[in-house]
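Novice: Got a structure for you, questions after.
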Amino acid sequence: MGERLRKLGIRLAETRSTALFQLATELPTAVLARPLGIDVTVAVKWQRAAAGD
């Protein structure tokens, strides 16, 4: 699937990062951390980065 997306010009790493930043702006850290399997402190860093802090 990844190869097919690349052939269409979709960059997976950039798309993933964009999606994570969007989630970080919309969800509380505890809600963001749990489904992604990351620590709450990492979720806080994502939120700060997404907010431009």
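The values are calculated or read from the model by the stated rules, or taken from the named source; none is laboratory data. Not measured: the values here are computed from a predicted model. A quick note on method: Cβ atoms are made from the backbone with ideal geometry, for glycine too, and the neighbour counts reach across all protein chains shown.
Novice: Report, by residue number, each residue of the range 1-41 that is without any contact (Cβ under 8 Å) to a residue 12 or more places away in the chain, of a type in the set (A, V, I, L, M, F, W, C) and either in a loop (DSSP other than H, G, I, E, B) or surrounded by fewer than 12 Cβ atoms within 10 Å (Cβ to Cβ) (or both).
Specialist: Correct list: M1, L8, I10, L12, A13, A19, L27, I38.
Novice: Go through (1) assigned to a helix (DSSP H, G or I); (2) modelled with pLDDT of 85 or more; (3) surrounded by fewer than 11 Cβ atoms within 10 Å (Cβ to Cβ) for V44 and report which single condition fails.
Specialist: Just one mismatch for V44, condition (3).
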